[in-house]
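Student: Let me begin by handing over the structure; questions about it come next.
Read-outs: derived from the displayed coordinates by stated rules, not from any lab. The structure presented is a predicted model; accordingly, all values stated were derived computationally and were not measured. Reconstructed Cβ throughout: ideal geometry from the backbone, glycine too, with neighbour counts over all protein chains shown.
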Amino acid sequence: MEAGKKEVVVKFMGFLREVAGPEITVPIKDNSKIADVLQDVHKRLEPLMEKELLTKVLRNSRLVLNGVYAPDETEINPGDVLTIISPAAGG
Amino acid sequence: MRSETILKVDLTKGSISKETVDPAVLRNYMGGKGLAAYYLFNEIPPRVPAFSAENKVAIMCGPLIGTVAPSSVKFCVATKSPLTGGWTDGYASGTWADMLRAAGYYGIIIGGIAEKPTYLYIEDDKVELRDASDLWGANTYETTRLLKERHRSDIEPMVLTIGPAAEKLALITTVIAEYRAAGRGGVAAVLGFKKLKAIVVKGHKEIPVANPEKLEEAAKVAREKLIKNPITGVRGRHQQMGTSNIVLGVNAAGALPTRNFQTGVFEYAEDISGESFRDTLWMGGQRRRPCPRCINQCTHVAIIESGKWAGIVDEGPDYENLTMLGSNCGISDKNTIATAEFLCDLYGLEGISAGNTIGFLMECFEKGLITKEDTDGVNLRFGNEDALIEALVRGGTVTGKLGKLVAMGVRRAADTIGQGSQKFAMHVKGLEMPAYEPRAAFGMGLCYARSDRGACHLRPWTFGAECLGLAPREPPYLPYDIQGKGAWVKTLNDVFAAVDCTGVCLFITFGVDAVEDILPMVNAATGFNYTAEEYVKVGERASNLTRAFWFREVSDFGRDYDTLPWRCLHEPLPSGPAKGKTVPLEPMLNDYYKAAGWDANGKPTKAKLQELGLDFVINKIY
């Protein structure tokens with residue numbers, strides 16, 4: 001992430017880590033919300049996987065903003081770290 | 001009418017009989033968990049000690065084992081637990097149960113005590129007890145090798161064995177069947193007490209299936225779903241990393257047990273992640289050792305090529321062992337973790353309980369509650385790799401003070417050490433807590449609290465839905481939801497208990513529906529034509545029977561037993577997304593009891609027992 005740029009870091013856990021790698025940076029505007037970042041992530045990953053599956057995966061993933069669970073409508077600021085815990089299964 | 005044969009072994013008399021399972025019993029209890037519960041509830045006299053001739057061990061198949069159904073390998077091993085004093089059942093995968101069914105048997109009930117070390121030899125209709133004196137003391141791998149050499153003929157014999165830890169009655173022991181562990185709660189120690197070292201089986205018969213064409217049809221549907229699923233499918237997460245693929249997700253959710261559950265965030269999670277194992281010891285996920293007919297293929301073989309543990313080759317570690325022997329003991333070295341799991345398998349120690357107990361002892365050591373006097377000189381600090389290995393060797397051989405503390409499990413170790421250590425002895429009903437921090441996923445807390453074998457991660461496994469994106473971001477699936485969680489967990493419990501009666505691996509439910517996809521296979525295999533409701537009732541019936549077992553066996557059993565360690569209820573997590581959380585258990589427990597048809601003390605009501613056809617239980621617990 002470049003200093004001064006309005007960006008957030010998106011980290012991936014689970015299935016999307018295989019698709020997108022461990023993390024990406026996403027540009028944001030003023031008053032952006034987590035939902036906006038998710039839309040951006042959706043657009044970026046669309047070429048890499050089936051759209052319907054991607055939509056479901058992002059709808060179900062757990063969202064951790066700066067170490068705390070946060071709902072989609074939470075405001076997100078430059079320098080924030082959004083962790084997307086996408087489907088994985090163990091036992 | 002469908003029928004199945006079980007073997008009944010009386011080690012005291014040295015006798016073996018064959019019994020046909022009553023068709024009505026077979027339909028109501030199906031197999032696995034259900035049938036094991038039926039036989040043990042009826043055949044173990046009330047309140048006999050777990051270590052007694054009267055206690056029995058049930059080994060039970062389900063109707064799908066050995067058929068074309070995917071992952072149709074999971075058999076049940078159950079008994080009255082010497083660790084908890086109540087019910088315990090566990091499941092092993094691999095190839096052993098296929099062979100038992102090919103020999104013509106659906107299960108084995110073992111009672112009595114042999115005069116000397118003995119093993120059971122089964123070759124189709126020939127079933128004999130043989131002298132195992134020369135095998136007593138041998139580790140599980142050596143026993144397996146020797147018995148395979150001794151009995152190899154046109155086919156390779158399959159071997160189920162106990163290790164030296166169980167011979168010495170270590171309470172945290174497991175059975176090892178063809179290198180796969182089965183059972184928590186000291187089931188292997190009961191066999192050790194009975195002096196039954198092993199069961200060797202060879203079979204040449206066809207496994208009975210009511211409608212082979214329909215079974216293939218239903219299995220094909222299931223296989224295709226599994227293959228396409230990103231978790232269970234080809235090059236999916238299980239094929240790459242097994243169950244350990246979840247380490248980073250669990251850590252991000254703040255639920256990775258770390259240093260005896262003192263926190264749920266491990267600073268070295270990347271080092272012990274499934275990704276890290278895949279890229280090193282598992283050679284990119286290419287070293288798999290899958291079960292027969294399995295698409296998931298979650299088992300990976302670790303080969304340690306350098307360092308002080310070089311030369312060790314073993315399956316695993318799976319997520320549970322990796323975490324409990326890794327982060328829970330403060331260990332971040334993959335070679336050490338793989339070696340630790342190898343030692344568990346070798347001695348027949350159960351890895352979750354071993355990692356939990358050693359983590360607890362490490363905390364006691366760091367807090368000064370025990371010293372080198374108590375550990376035979378071992379510097380038992382978190383992160384000390386040699387200390388972990390030493391503790392396992394001593395626990396596996398029940399040697400010295402440290403070995404005895406490890407072998408007795410965490411509850412007894414805490415009672416021995418005292419000084420308030422019970423507050424951070426992480427168990428439920430005496431069974432050590434597995435690798436999900438319940439303060440970070442309240443549903444798991446409820447699962448642990450009321451599971452029928454003590455703290456169990458699979459009865460049901462809600463963590464994936466709560467924290468790993470396997471369910472929508474809405475109530476009651478969110479990790480800190482309380483409302484609705486009891487009823488949800490109850491429904492899942494019954495469904496997964498039904499799966500435990502079928503003989504397929506629970507892990508296929510990550511790719512297929514546990515009812516819609518598995519039931520057609522069950523009906524094709526059995527011809528029982530269960531409705532979905534009847535099928536789930538098989539699971540509910542089994543769960544109520546095992547619940548009744550607790551009430552019968554433990555005089556003051558009830559709600560007070562359905563609890564969590566003090567730490568989970570009173571000590572807020574210090575870090576991660578769940579920082580500040582404790583588990584609000586009581587309201588969830590109330591909801592669960594209500595949904596289950598149990599009274600306020602957690603006892604199945606007479607009406608519920610009658611509804612499930614468990615009338616014979618009523619006068620045993622009322």
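Student: Please list the three semi-axes, largest first and in whole Å, of the ellipsoid equivalent to segment B:179-306, using sqrt of 5 times the eigenvalues of its alpha carbon gyration tensor.
Tutor: Three semi-axes, in Å: 32, 25, 16.
Student: Still on this structure, please answer the following. Kirkwood Rh over alpha-carbon pairs of chain A, then Stokes-Einstein at 37 °C and 0.692 mPa s: what D in µm² s⁻¹, rounded to an integer?
Tutor: For the chosen part, D equals 249 µm²/s.
Student: What's the magnitude of the charge dipole for segment A:7-85 around its Cα centre, counting Lys and Arg as +1 and Asp and Glu as -1 at the beta-carbon? Answer in Debye, nearest 20.
Tutor: Dipole of segment A:7-85, to the nearest 20 debye: 220 debye.
Student: In percent, what relative contact order does segment A:7-85 have, based on Cα pairs under 8 Å that are 6 or more apart in sequence?
Tutor: 44 percent
Student: In degrees, nearest 10, range 0 to 90: what is the angle between the Cα axis of helix A:51-60 and the longest Cα principal axis of chain A?
Tutor: Tilt of helix A:51-60: around 70 degrees.
Student: Reachable aspartates and glutamates from B:Lys606, Cα under 13 Å, same-chain residues fewer than 8 places away excluded?
Tutor: B:Asp615
Student: Taking the Cβ-Cβ separation of B:Gln286 and A:Gln39 as r and a Förster radius of 35 Å, what is the calculated FRET efficiency to the nearest 0.05?
Tutor: Efficiency, rounded to the nearest 0.05: 0.40.
Student: Given the C-alpha centroids of segment B:201-247 and segment B:65-97, what is the distance between them in whole angstrom?
Tutor: The two parts, judged by their Cα centres, are 17 Å apart.
Student: Turning to a different aspect of this structure: Within a 10 angstrom radius of the beta carbon, how do B:Arg223, B:Arg547, A:Arg44, B:Arg235 rank from fewest other beta carbons to most?
Tutor: Ascending number of Cβ neighbours within 10 Å: B:Arg235, A:Arg44, B:Arg223, B:Arg547.
Student: Divide the volume of the convex hull of the Cα atoms of segment B:5-202 by its number of residues and quote the answer in cubic angstrom per residue.
Tutor: Roughly 104 Å³ of hull volume per residue.
Student: What aspartates and glutamates sit close enough to A:Lys5 to cross-link, taking a C-alpha to C-alpha distance under 16 Å and skipping anything fewer than 8 places away on the same chain?
Tutor: A:Asp30, A:Asp80
Student: While we're here: Looking only at Cα atoms, what is the convex hull volume of segment B:534-622 per residue, in Å³?
Tutor: For segment B:534-622, the hull spanned by Cα atoms encloses 115 Å³ per residue.
Student: With charges only on Cβ, +1 for K and R and -1 for D and E, what is the dipole size of segment B:231-425 about its Cα centre, in debye, rounded to 20?
Tutor: The dipole of segment B:231-425 has a size of about 420 debye.
Student: Something else now. Using a 10 Å cut-off on Cβ atoms, rank the peptides B:291-304, A:18-31, B:483-496, B:450-463 from the highest mean neighbour count down.
Tutor: Final packing ranking: B:450-463, B:291-304, B:483-496, A:18-31.
Student: Read phi for every residue in segment B:573-588 and hand back ³J(HN,Hα) as whole Hz from Karplus 6.51 cos²θ - 1.76 cosθ + 1.60, θ = phi - 60°, with x for Gly and Pro.
Tutor: Couplings: 4, x, 7, x, x, 9, 3, x, 8, 10, 8, x, 6, 4, x, 5 Hz.
Student: Which value results for Rg/Rh of segment B:427-478 when Rg is the Cα radius of gyration and Rh the Kirkwood radius based on the inverse mean 1/r?
Tutor: Dividing the radius of gyration by the Kirkwood radius yields 0.99.
Student: For chain B, count the residues as N, evaluate 2.2 N^0.38 Å, and divide the Cα radius of gyration by that value, please.
Tutor: For chain B, the normalised Cα radius of gyration comes out at 0.88.
Student: Please list, by residue number, everything in segment B:103-134 whose backbone N is under 12 Å from a paramagnetic label point 7 Å out along Cα→Cβ of B:Asp154.
Tutor: Hits in segment B:103-134 for B:Asp154 at 12 Å: B:124.
Student: So which aspartates and glutamates pass the test for B:Lys220, namely a Cα distance under 19 Å, with those fewer than 8 places away in the same chain ruled out?
Tutor: Once the sequence-local aspartates and glutamates are set aside, what remains near B:Lys220 is B:Asp513, B:Glu516, B:Asp517.
Student: Tell me which cysteines of the protein assembly as shown come out unpaired when the rule is another cysteine's Cβ under 4.7 Å.
Tutor: Here B:Cys61, B:Cys76, B:Cys298, B:Cys329, B:Cys344, B:Cys364, B:Cys447, B:Cys456, B:Cys467, B:Cys501, B:Cys505, B:Cys568 come out as lacking a disulfide-compatible partner, given the Cβ-Cβ threshold of under 4.7 Å.
Student: Would you kindly work out the equivalent ellipsoid of segment B:424-541 from its C-alpha gyration tensor and give its semi-axes, the square roots of five times the eigenvalues, largest first in whole Å?
Tutor: Over the Cα atoms of segment B:424-541, the semi-axes work out to 26, 16, 12 Å.
Student: In addition: As a check on your grasp of the helix formula, calculate [θ] at 222 nm for the protein assembly as shown: sum -39500 (n - 2.57) over DSSP H runs of n ≥ 4, divide by the residue count, round to the nearest 500.
Tutor: -11000 deg cm²/dmol
Student: Something else: List the relative contact order of segment B:257-357 as a percent without decimals, with contacts defined as Cα pairs under 8 Å and 6+ residues apart.
Tutor: 26 percent.
Student: Quick one: plug the Kirkwood hydrodynamic radius of segment B:173-254 (C-alpha pairs) into Stokes-Einstein at 37 °C, 0.692 mPa s, and report D in µm²/s.
Tutor: Translational D for this selection: 192 µm²/s.
Student: Percent of alpha carbon pairs in the protein assembly as shown separated by more than 46 Å?
Tutor: Distances greater than 46 Å cover 14 percent of the Cα pairs.
Student: Any idea what diffusion coefficient segment B:231-425 gets from Stokes-Einstein, in µm²/s, Kirkwood Rh on alpha carbon pairs, 20 °C, 1.002 mPa s?
Tutor: Calculated translational D: 128 µm²/s.
Student: Once both axes come from the Cα atoms, what is the angle between helix A:34-45 and the longest principal axis of chain A, in degrees from 0 to 90, rounded to 10?
Tutor: It is inclined by approximately 60 degrees.
Student: Are there any trypsin sites (Lys or Arg not before Pro) in segment B:332-384 that are in a DSSP loop and have at most 16 other Cβ atoms within 10 Å? List them by number.
Tutor: Passing sites in segment B:332-384 are B:Lys367, B:Lys372, B:Arg381.
Student: Among the listed pairs B:Lys195/B:Lys372; B:Lys18/B:Lys202; B:Lys13/B:Lys195; B:Lys8/B:Lys205; B:Lys490/B:Lys603; B:Lys485/B:Lys579, which have their C-alpha atoms separated by more than 23 angstrom in this model?
Tutor: In this structure, B:Lys195/B:Lys372 exceed 23 Å between Cα atoms.
Student: Here is a follow-up. For B:469-475, what's the mean count of beta carbons from other chains sitting within 10 Å of each residue's beta carbon?
Tutor: Taking all residues of B:469-475 together, the mean is 6.
Student: What's the magnitude of the charge dipole for the protein assembly as shown around its Cα centre, counting Lys and Arg as +1 and Asp and Glu as -1 at the beta-carbon? Answer in Debye, nearest 20.
Tutor: Dipole about the Cα centre, nearest 20: 920 debye.
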